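Everything on this sheet refers to the single structure shown next.
The values are calculated or read from the model by the stated rules, or taken from the named source; none is laboratory data. The model shown is predicted, which means the values in this text are computed figures rather than measured ones. Here the Cβ is made from the backbone with ideal geometry for all residues, glycine too, and neighbour counts use every protein chain on show. Quick note on the areas: whole protein, heavy atoms, side chains included, nothing else; ligands and nucleic acids left out. Shrake-Rupley method; radii C 1.70, N 1.55, O 1.52, S 1.80 Å.
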Amino acid sequence: MNLKSMKKKANLATIYIISVAIIFTILIPVYFIFSISFLSTREAYQYPLPLFPELRSKIKLENGERGVLLSIYDKRNDEYETLLDTTDFKKMSTYMRVNLSLNYTPEELEEKSKLLLTQTQVVFKAGKDVMHNYKTFFQVTRDAVPALIRSIQIAIITILISLSIGGTAGYTLARYQFKGKHTLKFSILFVRMFPGVAIAMPMVIILANMGLYDQPLGLSLVYSIGSIALTTWITTSIFLGIPVELEEAAQVFGATKLRTFINITLPLALPGLAASSMYAFLGAWNETISALILTQFKPTFAVVVYQALYGSTGQVNLTAAGGICMAIPTLIFTFIIRKYINQMWGDVSV
Amino acid sequence: MATVELKRLKKVYDRKVEAVKGIDLMVRDGEFLVLLGPSGCGKTTTMRMIAGLEEITEGEVLIDGISVGELPPRKRNVSMIFQNYAVWPHMTVFENIAYALKIKKMDKREVEERVKEVANLSGIESLLDRYPDQLSGGQQQRVAVARAIAVRPKVFLMDEPLSNLDAKLRVQMRTDLKEIHRSTGATTVFVTHDQSEAMSLADRIVIMKDGAIIQTGTPDEVYHNSVNRFVADFIGTPPTNFLSVSVGEKEEEGYRLKGDHLDFVANHSSLAGFEGKEVLLGVRPEDIDILEEAPIEAVCRLIEPQGSHNIVSAQIGEQRMKLSVNPDIDLKIDQPFRLVFKPGQYHFFDPETGERLDK
């Protein structure tokens, strides 16, 4: 084997190693939040964090000093860990639900402990309620469902505003020549240079004056500012990629300017519009800081997830469940929009 | 059927650049008119003003005697074929051709019939369900042609429709376009910078330069009676040869012409008044005969065989010229030979203005 081909193979190996590393840095956090969202509270606060949620737990009941002793089998230490010693089966049932994600009524527990009269211990395998965190998230967080609906509303309004304004701006920049065009194009990006927090206070005042404080529409307007700029840039380049002759041909063959736009330009620009709406969606969906400041009684879903980390109900596994819930609409949206982003026509490309 | 008339048509860009400098032109009914000129001569701008894609700065465009300057393109009843085909990539061939008909709210069955008819005419009847990106450049241009015929316009506008095709296809499409024009009989304005395309297609050629019309005439007229040096140089492959000669006194058989290694007598009335002055002699490559007794001595420098004829580069003194020669004539590189310009087949041009002397 000569030096050259060895060098080639070494290069290839390096590329593979780097790509695998990149994939892992992306996948591992995603996997962690996914697996945490299925952990029981007891598991979630163990150290180190378990890699896989336990689906079945081995539970042992025995006679304790005060009443019935509740223990759970810990695989790692290969021994039972005592959790509770009580005569109150209601308390035991609540404890098992909250900390172990196990659903047993006080009556069932009492039934099982009756066996302790004839034997020293009762051991049984309990199937964990894997969706426990998800159910709890929607139960304990302040109006999670209305917040989810509001977030979807905000995302849709943001997409509509930024596509209609940014799209037309992009078309104008691509098709018409006028003085100060380049200055305008750059000044559009200017709005993105300010961090959201920096302008949040003025925003509160302006929105309050407009009567839009704590309203989904108000947040949509704030989010639109950033995505209009991005949409303008993306659509400018896609409109530039559509030969002007395609529009001219339509006009010669009987179409009005509006009809030309609807029949010819719009379908050809669809990939760019889809990509822009994706950015607008993600921007509106994920944003937390401005939403935290600009809402009071009507938080967005992102704010609700954020708040799940804090306060007396704050638990990492509940937050993870909320985070996964938050990712699902994004996945659905991406899946729908993907079809259009891939739909390139001939030499028309982004 | 229609006529197109341009009256002092003018286009000024940015209030400074005069792209078209007020031209007058009459396109006759059913005529195949070619606007020919180098790039930047204003030919495409002129056509776009006829189509309505470019605003008219001054002057008028009349189609069938009606001024259309204020009308949008869709109301002018013209159809256009573009250089880059401009077939819509998100529509099938059928949809492309039918688009204009659907806008006109034509009956569905009628649309289908019309599409099939024009697809047959342009030889794409088997491609109707395909998308443009599945077609070759030539096929796409045929779709564009079919789309243009389908609307039965008053005027066809073609903006360099063949220049994106490869050489062989171009020649074939040329024939097909002429055939289609013959069968539809529609008034056609065709823009090109390719003079051989213009020669083979046109009923009349309009030669433009710097936004003005230089000469209008049949292919034969512009070839054999070019009005100035520019036209003589632009038309023909290879172009006209130019030799600078000084005119002597009038003798019995004509004027004696002298130049670098040149000394012969020409009987050309246009030379009157130019005695003692320098003029440019222009002669077409095929208007030169090689004879043993001929008056001019030349040296053969290069031979480019073309099959039917050979293009020979000859050197007369310091000046080079090209001859179109029968392959039977035996010439060798760097060998001297004698030639003569066919009487009456050459012209004289003013060396300063470039105008032909016997205009």
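Here are the numbers for the structure shown:
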{"quantity": "From the options B:180, B:205, residue that is within 27 Å of residue B:76 (Cβ to Cβ), touching a strand residue (DSSP E or B) at 6+ places or on another chain (Cβ under 7 Å) and of a type in the set (A, V, I, L, M, F, W, C)", "calculated": "B:205"}
{"quantity": "Segment B:118-130 - residue that is in contact with a helix residue (DSSP H, G or I) (Cβ under 8 Å, 6 or more places away or on another chain) and open to solvent by 40 Å² or more (accessible area, probe 1.4 Å) and, of those, nearest to the other protein chains (Cβ to nearest Cβ)", "calculated": "B:130"}
{"quantity": "Only one of B:160, B:95 that is in contact with a strand residue (DSSP E or B) (Cβ under 6 Å, 6 or more places away or on another chain) and either among the charged types (D, E, K, R) or within 14 Å of chain A (Cβ to nearest Cβ) (or both)", "calculated": "B:160"}
{"quantity": "Restricting segment B:291-318 to residues that are open to solvent by less than 40 Å² (accessible area, probe 1.4 Å) and under 20 Å from residue B:266 (Cα atoms), the residue that is nearest to the chain's Cα centre (by Cα)", "calculated": "B:316"}
{"quantity": "Test: residue in segment A:269-283 that is without any contact (Cβ under 8 Å) to a residue 24 or more places away in the chain and under 26 Å from residue A:217 (Cβ atoms)", "calculated": "no"}
{"quantity": "Considering residues of segment B:65-86 that are open to solvent by 10 Å² or more (accessible area, probe 1.4 Å) and in contact with a Pro (Cβ under 7 Å, 6 or more places away or on another chain) only, the residue nearest to the other protein chains (Cβ to nearest Cβ)", "calculated": "B:84"}
{"quantity": "Test for residue A:173: is it in contact (Cβ under 8 Å) with a residue 40 or more places away in the chain, surrounded by 12 or more Cβ atoms within 10 Å (Cβ to Cβ) and either of a type outside the set (Ser, Thr, Tyr) or touching a Cys at 6+ places or on another chain (Cβ under 8 Å) (or both)", "calculated": "yes"}
{"quantity": "Test: residue in segment B:38-54 that is open to solvent by 50 Å² or more (accessible area, probe 1.4 Å), over 10 Å from residue B:5 (Cβ atoms) and touching a strand residue (DSSP E or B) at 6+ places or on another chain (Cβ under 8 Å)", "calculated": "no"}
{"quantity": "Segment B:98-110, residues that are open to solvent by less than 10 Å² (accessible area, probe 1.4 Å) and more than 7 Å from chain A (Cβ to nearest Cβ)", "calculated": "B:98, B:101"}
{"quantity": "Filtered residues of segment A:116-160 (kept if over 27 Å from residue A:316 (Cα atoms), part of a helix (DSSP H, G or I) and without any contact (Cβ under 8 Å) to a residue 12 or more places away in the chain)", "calculated": "A:117, A:156, A:160"}
{"quantity": "Verdict on residue B:253 being under 17 Å from residue B:358 (Cα atoms), open to solvent by 70 Å² or more (accessible area, probe 1.4 Å) and not in a strand (DSSP E or B)", "calculated": "no"}
{"quantity": "Within segment A:104-123, considering residues that are hydroxyl-bearing (Ser, Thr, Tyr) and open to solvent by 100 Å² or more (accessible area, probe 1.4 Å), the one nearest to residue A:70 (Cα to Cα)", "calculated": "A:120"}
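Residue by residue, here is whether (1) over 21 Å from residue B:275 (Cα atoms); (2) small (Gly, Ala, Ser) holds:
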{"site": "B:304", "(1), (2)": "yes, no"}
{"site": "B:314", "(1), (2)": "yes, yes"}
{"site": "B:319", "(1), (2)": "yes, no"}
{"site": "B:329", "(1), (2)": "yes, no"}
{"site": "B:332", "(1), (2)": "yes, no"}
{"site": "B:342", "(1), (2)": "yes, no"}
{"site": "B:353", "(1), (2)": "no, no"}
{"site": "B:358", "(1), (2)": "no, no"}
